[in-house]
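Just below is one structure, and these are the notes that go with it.
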Amino acid sequence: MKTVHIDASAAYDVLIGDGLLDELGTRAASLPGVRKVLLVSDDTVFALYGERAAESLRKAGLDVATFVFPHGEAFKNLEVYGELLEAALAAGMTRTDAFAALGGGVVGDLTGFAAATFKRGIRFIQLPTTLLSAADASVGGKTAVDLPGGKNQVGAFHQPALVLCDTHTLATLPEAQFLSGCGEVIKYAMLAGGELFETLCSFDGADGIAAHLEDVIRRCVELKRDYVQADEFDTGVRMLLNLGHTFGHGAEALSGYKLPHGCAVAAGMAVITRAAAARGYCEPETLRRLLTLLERFGLPASIPYSAEELLPVIRGDKKAAGGNIRLIVPEVPGRVRALTVAIPDLAGWLRDGGVL
Ligand SMILES: NC(=O)c1ccc[n+]([C@@H]2O[C@H](COP(=O)([O-])OP(=O)(O)OC[C@H]3O[C@@H](n4cnc5c(N)ncnc54)[C@H](O)[C@@H]3O)[C@@H](O)[C@H]2O)c1
């Protein structure tokens, strides 16, 4: 088992290892004052691991209530958020109790936002079951739901009290979802460079990550820890974690969220790096190495939409303000920079990135 300690506005541990779901009960019971846990999950994940998680909680003497909603980004919305809060109230949850989010980033973001606001804030535990949530989304306290007009438009910063990542649960993840997580892992490799980047380059593809799951997740979580501890509320360096996200989010939205998040990030990274190389911000070698990596993993390196389709979506991005947008631009693996770009110039960036 690996442990990463996070010291933000709340301090907590991220535990990564095989079989940790069975320790949920004892670890939740050790949080001061917790007597009841609302276990939140989507229907797919609950069917696989819900009973095991609930049993672990019961065995530790905790009361368990459950809230299960249909899987998919489309349900990370205000309606399901309201239903979750009603379920918590009906279950008699008090301010010292806790929510537990069993699932991927959708379950984690929704549960975290509900925990941030229920009775003005109660604790929550992250139990990530996707590679994407294990390596990224479950850590750092960003919580949100989507509005019909945009993704993650309503949210709060609310750190979890504990993150328990049972790597064994990732074994049932559909291949496409595992690949999506690889997209976020490659993002961390571009941010960090060095050993993580070289290690991924030495892999044949996603199987390499699967074979070194604990170490790869630990490394990504350590990197995220450093950004979160330096800039918890996302006003400075944490923004660099948005590498690939501005164009990626656009593609994700246009696909009606059928394109998995990490695949969209991969495509977004390819586009921004291609544009950065064309404009002299990064070495052609950086672009070549990124494209080789994406190809080896079978991740997309282009966005299947036109600039005309993408631009209106990108203009609505949270990173757009005052006629400008911030683009995160790689220079070499291990060095990226934030550039403020005027909205009218975005079309040129997209064109240089291969989006016509
Ligand atoms: N808060 C953050 O910092 C942050 C960071 C990155 C992404 N996100 C958010 O995360 C979300 C994407 O998360 P995701 O990629 O985990 O998607 P997800 O939560 O939708 O999970 C993907 C699919 O896999 C299924 N699944 C999950 N675990 C499984 C398992 N172990 N076995 C079988 N099936 C399983 C789910 O039911 C779902 O259908 C997006 O909403 C994104 O905005 C948040």
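Just so you know, in the stretch 130-154 the residues that are polar (S, T, N, Q) and more than 7 Å from the ligand (Cβ to nearest atom) include one that is modelled with the highest pLDDT, and it is Ser138. Residue-level check: of (1) surrounded by 24 or more Cβ atoms within 10 Å (Cβ to Cβ); (2) within 13 Å of the ligand (Cβ to nearest atom), Ile125 misses just (2). Among residues of the stretch 269-283 that are on the phi < 0 side of the Ramachandran plot and crowded, with 24+ Cβ neighbours inside 10 Å, those with a beta-carbon under 7 Å from a residue that is part of a helix (DSSP H, G or I) and of a type in the set (Ser, Thr, Tyr) at least six positions away or on a different chain give the pairs Thr273/Thr286; Cys282/Thr273. On inspection, Glu83 qualifies as assigned to a helix (DSSP H, G or I), in the same structural domain as Arg120 (by TED's automatic domain parsing), over 22 Å from the mean Cα position of the chain (by Cα) and more than 15 Å from the ligand (Cβ to nearest atom). Considering only the stretch 78-109, state which residues are under 12 Å from Ser138 (Cβ atoms) and among the β-branched types (Val, Ile, Thr). Hits for the stretch 78-109 are Val106, Val107.
Whether a residue is touching a His at 6+ places or on another chain (Cβ under 7 Å) and either assigned to a helix (DSSP H, G or I) or surrounded by 22 or more Cβ atoms within 10 Å (Cβ to Cβ) (or both) was assessed, and Thr26 does not pass this test.
Among residues of the stretch 45-70 being surrounded by fewer than 19 Cβ atoms within 10 Å (Cβ to Cβ) and assigned to a loop (DSSP other than H, G, I, E, B), the one that is farthest from the ligand (Cβ to nearest atom) is Gly61. All conditions but one from (1) buried (at least 24 other Cβ atoms within 10 Å of the Cβ); (2) within 30 Å of Asp204 (Cα to Cα) apply to Pro160; the one that does not is (2). Can you tell me which residue is surrounded by the most Cβ atoms within 10 Å (Cβ to Cβ) among those in the stretch 128-154 that are under 21 Å from Gly181 (Cβ atoms) and of a type in the set (A, V, I, L, M, F, W, C)? Among those residues, the one meeting the criterion is Ala134.
Residue count for the stretch 105-122 under the criterion of being near the ligand (Cβ under 7 Å from one of its atoms) and either within 21 Å of Gly316 (Cβ to Cβ) or not small (Gly, Ala, Ser) (or both): the result is 4.
The values are calculated or read from the model by the stated rules, or taken from the named source; none is laboratory data. Quick caveat, the model's predicted, so the values are computed rather than measured. Cβ atoms come from the backbone with ideal geometry, glycine included; neighbour counts cover every protein chain shown.
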